[in-house]
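All remarks here apply to the structure that follows.
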Amino acid sequence: MVEARKGISCCKHVVLPVLVVLIAAVIIFLVKDKAHPSPVPFIPSSTPSAAPTPMVPTLENGTYGAALATSLQFLQIQKAGKLVGNTIAWRGDSALSDGKGAGLDLSKGLYDAGDHMKFGFPMAFTGTVLSWTILEYKQLLTGYGKLNLALDNLRWITDYLVNAHSADNVLCIQVGDPKLDHSCWDRPESMTEERPVLFINKTSPGSDVAGETAAALAAASLVFKSSNATYSSSLLKHAKQLFDFADKYRGIYSYTFPDLANYYNSSDYHDELLWAAAWLYHATGDMTYLQYTTDNGQKFKGYGDPTYFSWDDKRAGTQVLLSRVQLLSSDSLSNDINTVLGSYRSTAESVMCVLVPGTPISTTSRTEGGLLWIQDWNSLQHTVGSSFLATLYSNYMYAVQKTKISCSGTIVKADDIRQFADSQVKYILGSNPINMSYLVGYGSVYPKKVHHRGASIPANQNPSCSDRTWLVSSDPNPNIATGALVGGPSLSDSYNDARDNALQGEPTTTSSALFTGLLSGLDSNTNYTTLTSFT
């Protein structure tokens with residue numbers, strides 16, 4: 001049986017007591033297992049919280065274009081395999097033999113963070129978010145000359161995911177031994193450690209990772225539909241098969257493989273099933289998938305309780321994605337479907353009410369500097385995830401001329417939602433108490449000792465797995481991990497720029513994809529006046 005998600009959530013009409021989020025902070029060193037804690041539900045305030053003090057922007061070039069161009073570079077840095085047309089001087093070919101022992105070519109894909117692991121769960125989520133960004137903001141990316149870069153990043157992921165799906169009910173979910181990998185400090189180009197592969201199947205299920213992979217491939221099929229119809233059809237075929245696999249053979253992958261709970265632990269799989277079905281509806285127009293989200297929405301706890309959006313919990317993302325459907329197509333849908341989609345949309349608006357300062361249920365989980373802050377580990381993941389959805393929803397409101405929503409009697413406008421997201425970006429890019437950009441390579445002051453193996457080792461050096469020379473060095477990284485969004489500040493708005501500070505200093509592809517989407521949605525050149533179907 002699947003355990004219910006743990007934590008406290010808020011419903012639309014009930015204000016919960018004030019609680020303070022306290023998550024024990026442990027600096028994780030290289031030789032210890034690296035965990036990525038699952039996100040927690042919203043914790044609202046019983047009284048309106050004061051809006052953060054406005055800060056003066058420190059943006060370059062007047063828009064978010066420079067930051068967007070910077071952010072897109074990190075996924076290039078994370079690429080494994082044969083790097084055709086490589087533009088990263090200190091990166092080279094790596095992991096060329098991944099999957100060969102199983103008769104598969106798993107050489108592509110992305111390393112998940114500062115290590116050399118290929119974890120399928122966060123990689124697929126990175127692909128889904130990147131696809132969503134391209135679908136919504138293709139015109140903007142084209143205008144900046146960055147669409148091809150975004151497409152290249154996406155295809156590097158989807159090529160890997162297709163090869164990982166080696167049979168209808170089989171999916172490779174991991175390449176590399178995390179315990180062994182995290183005991184090394186070497187370059188990916190010269191690593192010699194074993195690279196085993198791990199699969200889910202009928203008897204070893206993982207509905208969460210299979211569902212997320214289905215979502216990624218369905219969303220990507222829409223991205224490539226006009227430019228490469230054959231490839232798009234292949235992606236969609238795999239997406240459908242993976243969804244059927246995830247739905248028929250249910251289970252949490254980190255229950256199936258308990259050791260994985262130390263890395264990317266999954267708290268449930270029902271959200272991925274709803275998320276995947278929603279994307280498949282967009283990709284196919286098949287009402288069966290939309291019916292799946294409405295038939296199972298209440299049973300799977302897909303709406304009712306606002307939650308944070310992340311690689312583990314897709315409920316808020318599904319709520320916004322299905323709100324898009326209702327805002328666009330409500331007149332053509334049955335009353336029953338419209339009613340349930342209304343529940344998804346109501347919860348999406350509750351999410352906005354919790355995020356925007358000054359509402360009766362606004363969260364108090366913020367730093368003194370105004371940053372949404374939930375937990376020590378990779379604290380910016382919740383910031384960028386929530387802000388990404390806020391920007392999307394505000395843009396949808398603009399597009400359909402929905403001027404406001406009601407937050408327990410307090411009126412919140414689309415501009416208010418957008419202003420929240422904008423304040424978070426300004427903080428991240430340097431308008432914060434320590435005047436530092438958390439986006440590596442952006443601005444003049446940013447972390448110089450990022451917890452990233454490749455960036456920390458000169459390209460002409462090939463240390464062994466056990467060589468700690470570059471880990472313990474007090475010098476700045478010799479290579480700049482351009483576009484890396486580091487873990488983020490502490491609750492006190494402080495940051496310790498130390499290479500062994502993985503808790504604050506390790507970037508992830510998931511946060512990078514979310515931040516790229518957020519920047520795209522907020523850029524001042526975005527003219528979001530229409531809402532059209534993805535199909």
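The values are calculated or read from the model by the stated rules, or taken from the named source; none is laboratory data. Not measured: the values here are computed from a predicted model. As a convention, Cβ positions derive from the backbone with ideal geometry for all residues, glycine included, and neighbour counts pool all protein chains shown. Keep in mind that these areas ignore ligands, DNA and RNA; they rest on the heavy atoms of the full protein, side chains included. Shrake-Rupley method; radii C 1.70, N 1.55, O 1.52, S 1.80 Å.
Taking square-rooted eigenvalues a ≥ b ≥ c of the alpha carbon gyration tensor, is region 71-165 rounded, prolate or oblate, where a/c under 1.5 means rounded and, failing that, a/b exceeding b/c means prolate? It comes out prolate by the Cα gyration axes. By the combined test of axial Cα extent (at least 15 Å) and Kyte-Doolittle hydropathy (mean at least 1.0), the qualifying DSSP H helices of the chain come to 65-77, 207-223, 509-522.
Counting only protein heavy atoms and a 1.4 Å probe, the chain has 35 square angstrom of accessible area per residue. Note on region 171-257: with neighbouring protein chains present and a 1.4 Å probe, carbon and sulfur make up 50 percent of its accessible heavy-atom surface. Applying a DSSP loop filter and a limit of 12 other Cβ atoms within 10 Å to the trypsin sites (Lys or Arg not before Pro) in region 277-339 leaves LYS299.
Among the GluC sites (Glu not before Pro) within region 183-242, those in coil by DSSP and having at most 16 neighbouring Cβ atoms inside 10 Å are GLU193, GLU194.
Over region 412-535, what percent of the accessible surface lies on carbon and sulfur atoms, probe 1.4 Å? Spell out each step's value before the answer.
Numbers: 1990 of 4260 Å².
The computed percentage sits at 47.
Partner aspartates and glutamates whose Cα lies under 17 Å from the Cα of LYS82, excluding those fewer than 8 positions away in the same chain, are identified as ASP93, ASP98, ASP105, ASP152, ASP159, GLU189.
Within a straight-line Cα-Cα reach of under 24 Å, LYS225 can be paired with the following lysines, leaving aside sequence neighbours fewer than 8 residues apart in one chain: LYS79, LYS108, LYS138, LYS146, LYS237, LYS240. Once you sort the root eigenvalues of the Cα gyration tensor of region 248-354 as a ≥ b ≥ c, which label holds: rounded (a/c under 1.5), prolate (a/b larger than b/c) or oblate (the other case)? Prolate shape, in that a/c is at least 1.5 and a/b is the bigger ratio.
If you take the square roots of the eigenvalues of the alpha-carbon gyration tensor of region 191-233 and sort them as a ≥ b ≥ c, do you get rounded (a/c under 1.5), prolate (a/b over b/c) or oblate? In terms of gyration-tensor shape, oblate.
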